[in-house]
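Report on the structure given below.
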Amino acid sequence: MVAILKNAIWFFAFFILQQALISFAAEDTYAEKRRQMIEQDIRGRGIKDPVVLRVMGAVPRHSFVNASLRSRAYADHPLPIGEGQTISQPYVVALMTEALRLRQGDRVLEIGTGSGYQAAVLAGIVKEVYTIEIRKTLAGRAEKTLVDQGYRNVKVKFGDGYFGWEEYAPFDAIIITAAANHIPPSLIRQLKENGRLIVPLGSTVYYQMLTLATKRKGELEVEQLSPVAFVPMVGEMRK
Ligand code: SAH
């Protein structure tokens, strides 16, 4: 009896060790893929902000996609996240984040939580992140992923981002990660003076121009960065 018990304990201990080794090996593979992503697709394509490079080199992008897509999580293209929506490609996440010229103490609003990946990148840089998602399932899943990954400075809300988040306004920066054909007036109001807003602006069906707007004396100064293709912003934007 004692012998059986001993064997069982050994077997169990061996099993735990084996599982731990397998999972360390997987984490290692992801870390290596993440390093390659930073060198080739982020730094390699002109992103220079050391904070963006460091944070994107640390956020486990594979944890924000379905298990079946994890091996492709670090490739430079968008991936499906369910409900016809996508997690943006790493380079575009980097480009938008860098353009916002964030500072540590900033409070940032994101419209279009999706997987929660962009919110996690922001949360690694600034003090407070507020993110709104119009699809309930995605909002719930992103919130869970962010909590599981230990992000304590992100608040997720299920709702239409068109109206912003009055309760926590004004924001130092606003990032819209769905295609818009105009900038929602509430978001302009909820942006601080000298605050930055980035949005894929143009047709919601084809391509858009990544547009950076800075609020100066209540007016937006606009700069066009690069053509992009995002899924459309729905809800009030379409009315
Ligand atoms: N930033 C996300 C990707 C965004 S995909 C990430 O890192 O994974 C665009 C998201 O915007 C989708 O999840 C879509 O449901 C959401 N969306 C579309 N219209 C919206 C609206 N009016 N308010 C809030 N979210 C919206």
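Lys192 to Ala25: FRET efficiency via 1/(1 + (r/R0)^6), r the Cβ-Cβ distance, R0 41 Å, to the nearest 0.05?
Working: r = 46 Å, r/R0 = 1.12.
My answer for the efficiency is 0.35.
Taking neighbour Cβ counts within 10 Å as the exposure measure, how do Asp76, Asp41, Asp28 sort from fewest upward? Spell out each step's value before the answer.
Working: Asp76 14, Asp41 19, Asp28 10.
Ranking Asp76, Asp41, Asp28 by Cβ neighbours within 10 Å, fewest first, gives Asp28, Asp76, Asp41.
Report Rg (one decimal) and Dmax (nearest whole number) for region 10-147, counting Cα atoms only, units Å.
So, for region 10-147, Rg and Dmax equal 16.2, 55 Å respectively.
Let me have the 222 nm mean residue ellipticity of the chain computed from DSSP H runs of 4+ only, each contributing -39500 (n - 2.57), with the sum over all residues rounded to the nearest 500. Could you put the intermediate results ahead of the total?
Details: 6 runs with 77 residues, N = 239.
When only DSSP H runs of four or more count, the value is -10000 deg cm²/dmol.
How far is helix 90-99 tilted, in degrees, relative to the longest principal axis of the Cα atoms in the chain, given as a value from 0 to 90 rounded to the nearest 10?
Once rounded, the angle reads 50 degrees.
What fraction of the Cα pairs in region 1-55, stated in percent, has a spacing above 13 angstrom? Please list the in-between numbers first.
On the way: 1043 of 1485 pairs.
Of all Cα-Cα distances in region 1-55, 70 percent exceed 13 Å.
Grab region 78-238 and count how many Lys pairs have their alpha-carbon atoms under 18 Å apart, sequence gap of 8 or more, or different chains.
Number of lysine pairs found: 10.
Residue by residue through region 6-16, what is 3J(HN,Hα) from phi via Karplus (6.51 cos²θ - 1.76 cosθ + 1.60, θ = phi - 60°)? Round to whole Hz and write x for glycine and proline.
For region 6-16, the Karplus curve yields 4, 4, 4, 5, 4, 4, 5, 4, 4, 4, 4 Hz.
Any chance you could list P(r) for region 78-238, counting all Cα-Cα pairs in 5 angstrom bins from zero, rounded to whole %?
So the P(r) values, bin by bin, are 2, 10, 21, 24, 24, 14, 5, 1, 0.
Report the calculated FRET efficiency for Lys239 and Gln40 (r = Cβ-Cβ distance, R0 = 35 Å), to the nearest 0.05. Each step should come with its number before you reach the end.
Details: r = 42 Å, r/R0 = 1.19.
About 0.25, to the nearest 0.05.
Could you tally the net charge around Tyr130, taking each other residue with its Cβ under 13 Å from the Cβ of Tyr130, Lys/Arg +1 and Asp/Glu -1?
Values: positive: Arg107, Lys127, Lys155, Lys157; negative: Asp106, Glu110, Glu128, Glu133, Glu143, Glu166, Glu167, Asp172.
Every neighbour counted, the sum reads -4.
What number do you get for region 187-239 when its Cα radius of gyration is normalised by 2.2 N^0.38 Å, N = residues?
On the way: Rg = 12.1 Å, N = 53, 2.2 N^0.38 = 9.9 Å.
In units of the 2.2 N^0.38 Å rule of thumb, it is 1.21.
Over its Cα atoms, what ratio of radius of gyration to 2.2 N^0.38 Å does region 69-141 give? Working shown, then result.
Working: Rg = 12.5 Å, N = 73, 2.2 N^0.38 = 11.2 Å.
Ratio of Cα Rg to 2.2 N^0.38 Å: 1.12.
Laboratory data are not the source of any read-out in this text; all were calculated from the coordinates shown. Just so it is clear, the structure is predicted and the values come from calculations on it, not from any experiment. Note: ideal-geometry Cβ built from the backbone for every residue, glycine included; neighbour counts use all protein chains shown.
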